[in-house]
Every structure is written in structure tokens, then in C-alpha cells.
1. Which residues, taken from region 117-126, are touching a helix residue (DSSP H, G or I) at 6+ places or on another chain (Cβ under 8 Å) and either over 25 Å from S179 (Cα atoms) or small (G, A, S) (or both)?
2. Is there a residue being in contact with a helix residue (DSSP H, G or I) (Cβ under 7 Å, 6 or more places away or on another chain) and modelled with pLDDT of 95 or more anywhere in region 107-114?
3. Go through (1) within 18 Å of the chain's Cα centre (by Cα); (2) within 29 Å of V21 (Cβ to Cβ) one by one and return the number of the condition E134 breaks.
4. Which residues, counting only those in region 127-171, are assigned to a loop (DSSP other than H, G, I, E, B) and either touching a helix residue (DSSP H, G or I) at 6+ places or on another chain (Cβ under 8 Å) or of a type in the set (F, W, Y) (or both)?
5. So A174 passes all but one of these: (1) touching a residue at least 40 places away in the same chain (Cβ under 8 Å); (2) surrounded by fewer than 15 Cβ atoms within 10 Å (Cβ to Cβ); (3) in a helix (DSSP H, G or I). Which condition number does it fail?
6. Show me the strands (runs of 3 or more DSSP E) found entirely inside region 26-126 where at least 3 residues are in contact with a Lys or Arg (Cβ under 8 Å, 6 or more places away or on another chain) and more than 30 Å from Q158 (Cβ to Cβ).
7. Checking R63 against (1) among the charged types (D, E, K, R); (2) at pLDDT 95 or above; (3) over 29 Å from A91 (Cβ atoms), only one condition comes out false. Which one?
8. Condition first: in contact with a His (Cβ under 9 Å, 6 or more places away or on another chain) and either more than 19 Å from I7 (Cα to Cα) or small (G, A, S) (or both). Can you find one or more residues in region 60-77 that meet it?
Amino acid sequence: MEKTVAILIGRHQLTETSLIVHWCSAECGLFKTVAKGALRPKSPFAGRLDLFVKAEIRFTRARTGDLHTLAEAEWINPRLPLRESYDRVLAATYLVKLIDLMVEREHPLPEIYDLLEKALDYLATHAPSKVLIERFETRLAEDLGVATPQGKAAAALQMAVHHALPVQRRQLFARLESSV
């Protein structure tokens, strides 16, 4: 059984009672676990598998494939204030989707994990801003080695993967501009 500290970055239903949970960890990178029985009322996972939560988890690696089995999840930082604002959730969603788009699965990424953790901690207590998002993109581009001298991190990230950036970026910027 392995143990790591990770941020829950996504989840979706697998069966009537089980979830697939996506994590970001410094040591393990991006990986998925199945939380068997998580949707049952008396599950030990009840209320513990919420988006953007930092948790200490224990899981068993799959013998084949990339869907591991989650055994335990204990909150370290639930970031509950983040949920008080749609804009905060939208910004956090963009950040995790951007990382998910840019990095390989199950590859250690300590710098990117630290970057995400700092950004989510900031968003838990502050409103998102265009400056925050652009700084995050710049640091991510630098960490991935795709930064350009012109400083246009969003364009550099997009060119690196030959794919459009997550739609949440446009949605967030539109909301930020309309609230000015």
C-alpha cells in the first residue's frame, strides 16, 4: 500500500456506489483511484472526496492499468472557503484542467504540485484575478520548459500541446471583465 499527500482534482461516478477520483501529488503526479462504495451512506469516504481538498491518502496500485484502489483519505486542508464564490471555483477548475492538459500521467511533478497548492490556497481566501491566472500560466510554462521570451505563456502552453486551452479560462476572463 502506498501513501501520499494529494489534491483531489476531479471525480466522476463509476458505478451506482463507486467513484473514480483524480489526484495530483508531488511524488505520484496525476493519477486516478477508484473509491469503492464511496456513494454509500455509511462509507468511510462519505464527505471526504470533495474537489480541491488536500488529503493524505493510502492506495493500492493496480497490477495492470492505471486505475488504482483508494483505501483511505484524511483531510489536511479542505479549502472550504473556496466554495463560497463561483469565480473562485471556476478559476480553480481552470488551473487543474490546464495541468491535466499539460502533463503526463503518473510522472512526479513537485514544482507543479507546489504551484497548484499555492494557487488553490490563495483562491481559498481571495477573489481570482487576471494577474493570478497569467502568473500561474507563466510559472507553469517555465516549469514545463515551454516559456517564450515574449512572455505570452498562454500561447506558449497552447502551442506546446497543439490544443486549445480549457474553456474555463475564457469564461473566467469574461466574468472578471464584466465585474470591473
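1. Those that are touching a helix residue (DSSP H, G or I) at 6+ places or on another chain (Cβ under 8 Å) and either over 25 Å from S179 (Cα atoms) or small (G, A, S) (or both): A119, A124.
2. Taking region 107-114 first, the residues in contact with a helix residue (DSSP H, G or I) (Cβ under 7 Å, 6 or more places away or on another chain) are 111-112.
From what's left, modelled with pLDDT of 95 or more: 111-112.
Yes - at least one qualifying residue is present in region 107-114.
3. (2) is the only condition that E134 fails.
4. Within region 127-171, the first condition is being assigned to a loop (DSSP other than H, G, I, E, B), and the residues that meet it are 127-129, 145-152, 162-166.
If the condition is that a residue be assigned to a loop (DSSP other than H, G, I, E, B) and either touching a helix residue (DSSP H, G or I) at 6+ places or on another chain (Cβ under 8 Å) or of a type in the set (F, W, Y) (or both), then A127, P128, S129, V146, A147, T148, G151, H163, A164, L165, P166 are the ones that fit.
5. Result: A174 passes all but (1).
6. On the way: elements: 29-35, 54-60, 67-77.
Result: 54-60, 67-77.
7. (2)
8. Looking only at region 60-77, we keep the residues that are in contact with a His (Cβ under 9 Å, 6 or more places away or on another chain), and these are 60-62.
When the remaining residues are screened for being either more than 19 Å from I7 (Cα to Cα) or small (G, A, S) (or both), the result is 62.
Yes, some residue in region 60-77 is in contact with a His (Cβ under 9 Å, 6 or more places away or on another chain) and either more than 19 Å from I7 (Cα to Cα) or small (G, A, S) (or both).
The values are calculated or read from the model by the stated rules, or taken from the named source; none is laboratory data. This one's a predicted model, so the numbers in the text were calculated from it and none came from an experiment. Reconstructed Cβ throughout: ideal geometry from the backbone, glycine too, with neighbour counts over all protein chains shown.
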